[in-house]
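For reference, the structure discussed in these notes is given below.
The values are calculated or read from the model by the stated rules, or taken from the named source; none is laboratory data. None of these values were measured; they are calculated from a predicted model. Note: ideal-geometry Cβ built from the backbone for every residue, glycine included; neighbour counts use all protein chains shown. All accessible areas refer to the heavy atoms of the entire protein, side chains included, with ligands and DNA or RNA removed. Shrake-Rupley method; radii C 1.70, N 1.55, O 1.52, S 1.80 Å.
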Amino acid sequence: MMMNISAIVPVVAPTPETEATVRSIAAQTQPAGEMLLVSPADVSALAESVAATAIRATEPSLPALLNAGAHAASGDVLFFACPPARFPPTATEAITRNLSLLPTTIGGNFHLHFDASLGTFAAKMAKMMRYHQHYDWDSGIFIRAETFAALGDIPPTDTTGHRFARRMENFGATVYPPDEIILPAGHIFKLMWRWLA
């Protein structure tokens, strides 16, 4: 069963890392139904280069950008693809496969891989945290559009996505595809800090 996936990329500021995220979504083996680049800046040139839609947002915060993208999206599934993550070419295919095979699931997120010498240890830590229902925007959260509507907008204070993930987990069953998102080395320290917190 094919699903219309809306990939929402929040662009707080145009950077090489942001462009890498956008290019990874554009390179999906099963293209998203639409890609929305949401930013307070003019990202029309980048959007045009990957056949995406640029949405100008008035608020620069991450929750505001994600909400603006969700409101503009037309897909059955909202896929929050936040920089600086680089997504595997199978990401949208995995979303479709898992949500189709498990129709009672409402969404989920992906495994993480870190570009660093401690990457394997950090990935195991992230997996352990995920099994305790603790994950964030960095892990490529996706959710059925009807479920997002039922949960309501992302609160302005939820900049990490932890509270949104918890709301998802309380609402219904989620999936955790093994396809790996690649994050830069610096995100290991973010992960460790969250683990200690």
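Checking each residue in the stretch 1-27 for being within 22 Å of residue 71 (Cα to Cα), under 14 Å from the mean Cα position of the chain (by Cα) and not aliphatic (A, V, I, L, M) picks out 6, 10, 18, 21. If we scan the stretch 128-139, do we find a residue that is more than 21 Å from residue 182 (Cβ to Cβ), assigned to a helix (DSSP H, G or I), among the hydroxyl-bearing types (Ser, Thr, Tyr) and open to solvent by less than 20 Å² (accessible area, probe 1.4 Å)? For the stretch 128-139, residues more than 21 Å from residue 182 (Cβ to Cβ), assigned to a helix (DSSP H, G or I), among the hydroxyl-bearing types (Ser, Thr, Tyr) and open to solvent by less than 20 Å² (accessible area, probe 1.4 Å): absent. Given the structure, is residue 123 crowded, with 20+ Cβ neighbours inside 10 Å and among the small types (Gly, Ala, Ser)? No; evaluated as a whole, the condition is false for this residue. Taken over the stretch 1-25, the criterion of being closer than 22 Å to residue 180 by Cβ, aliphatic (A, V, I, L, M) and at pLDDT 95 or above is satisfied by 5, 7, 8, 9, 20, 22, 25.
Just one of the numbered conditions (1) among the aliphatic types (A, V, I, L, M); (2) at pLDDT below 90; (3) open to solvent by 50 Å² or more (accessible area, probe 1.4 Å) is not true of residue 149: (2).
Among the residues making up the stretch 45-57, those that are part of a loop (DSSP other than H, G, I, E, B) and open to solvent by less than 30 Å² (accessible area, probe 1.4 Å) are 50, 52, 57. Working only within the stretch 58-83, note down all residues that are surrounded by fewer than 22 Cβ atoms within 10 Å (Cβ to Cβ), touching a Leu at 6+ places or on another chain (Cβ under 8 Å) and at pLDDT 95 or above. Of everything in the stretch 58-83, those that are surrounded by fewer than 22 Cβ atoms within 10 Å (Cβ to Cβ), touching a Leu at 6+ places or on another chain (Cβ under 8 Å) and at pLDDT 95 or above turn out to be 70, 72. Taking the stretch 154-178 as the range and being buried (at least 19 other Cβ atoms within 10 Å of the Cβ) and outside any helix (DSSP H, G or I) as the test, the residues that pass are 154, 158, 161, 174, 177. When the stretch 84-95 is filtered for residues that are assigned to a helix (DSSP H, G or I) and surrounded by 18 or more Cβ atoms within 10 Å (Cβ to Cβ), the ones remaining, listed by number, are 91, 92, 94, 95.
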